[in-house]
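All remarks here apply to the structure that follows.
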Amino acid sequence: MGELKIGRIVLGTVSTNTYFVYREGSEECIVIDPADYGRQLFANLKKNGLRTVAIFLTHGHFDHIWGVEGLKAAASEVAEHHGYAPVQVYALDAEKPLLNSARLNVSGQAGRECELEADVYVKDGEEIEVAGIKCKVIATPGHTAG
């Protein structure tokens, strides 16, 4: 199994850090907080030999979720075409109210309403494995509930 690699790109109106994590030698990557331009982000990752298999959200504010819909749609088209597992969005269960409300996630006030539902809601302390990467969920409430 290859070494863990982490990349970063700054996206969106407030210059949010979007991360992508993958194992060296693998095309599968996890995108964390796709701030905006989801389809462009997908195209750039693909151009560099990476295939988005999951999207992790650290929290539900607009500047961390605006790119989810486009990224998931583009990655899901590839997954479906090649028979890969569906691309899933992961978020802490405490973030559900924020994700579901353009008012609470501030996207309405920022000029582009965005509401979404994660595919998988995780809990504090839960361990998950995606793309050959084991992750432990650590809730860090304060900035938001999760």
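A few notes on this one:
- Scan of the stretch 109-126 for residues that are of a type outside the set (Phe, Trp, Tyr) and within 17 Å of the chain's Cα centre (by Cα), ordered by number: CYS114, GLU115, LEU116, GLU117, ALA118, ASP119, VAL120, VAL122, LYS123
- Residue that is aliphatic (A, V, I, L, M), in contact with an Asp or Glu (Cβ under 9 Å, 6 or more places away or on another chain) and at pLDDT below 95, where the choices are ALA131, ALA94, ALA145: ALA145
- Filtered residue count, the stretch 24-33, keeping only those that are open to solvent by 80 Å² or more (accessible area, probe 1.4 Å) and over 21 Å from ALA85 (Cβ atoms): 1
- Residue, surrounded by the fewest Cβ atoms within 10 Å (Cβ to Cβ), within the stretch 34-48, restricted to residues that are closer than 17 Å to ARG8 by Cβ and more than 12 Å from the chain's Cα centre (by Cα): LYS47
Residues are listed down the side, and each one gets a yes or a no for (1) closer than 16 Å to ASP33 by Cα; (2) part of a strand (DSSP E or B):
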residue: ARG103; (1), (2): no, no
residue: ALA110; (1), (2): no, no
residue: TYR121; (1), (2): yes, yes
residue: GLY125; (1), (2): no, no
residue: ALA139; (1), (2): yes, no
residue: ALA145; (1), (2): no, no
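- Restricting the first member to the stretch 76-105 and to residues that are open to solvent by less than 20 Å² (accessible area, probe 1.4 Å), and the second to residues that are basic (Lys, Arg), the beta-carbon pairs closer than 7 Å and six or more apart or on different chains are VAL87/LYS72; VAL89/LYS72.
- The set of residues from the stretch 51-77 being within 10 Å of the chain's Cα centre (by Cα), over 13 Å from CYS29 (Cβ atoms) and of a type in the set (S, T, N, Q) comprises just one member, THR58.
- Looking only at residues in the stretch 9-23 that are surrounded by 11 or more Cβ atoms within 10 Å (Cβ to Cβ) and of a type outside the set (A, V, I, L, M, F, W, C), the one that is farthest from GLU129 (Cα to Cα) is THR13.
- Close contacts from the stretch 52-64, counting a first residue that is more than 16 Å from GLY142 (Cβ to Cβ) and a second that is open to solvent by 30 Å² or more (accessible area, probe 1.4 Å) and of a type in the set (Lys, Arg), with Cβ to Cβ under 7 Å and a gap of 6+ residues or different chains, come to ILE55/LYS72.
The values are calculated or read from the model by the stated rules, or taken from the named source; none is laboratory data. Bear in mind the structure is a predicted one, so any value in this text is a computation, not a measurement. As a convention, Cβ positions derive from the backbone with ideal geometry for all residues, glycine included, and neighbour counts pool all protein chains shown. Calculation scope for accessible area: heavy atoms of the full protein, side chains included, ligands and nucleic acids excluded. Shrake-Rupley method; radii C 1.70, N 1.55, O 1.52, S 1.80 Å.
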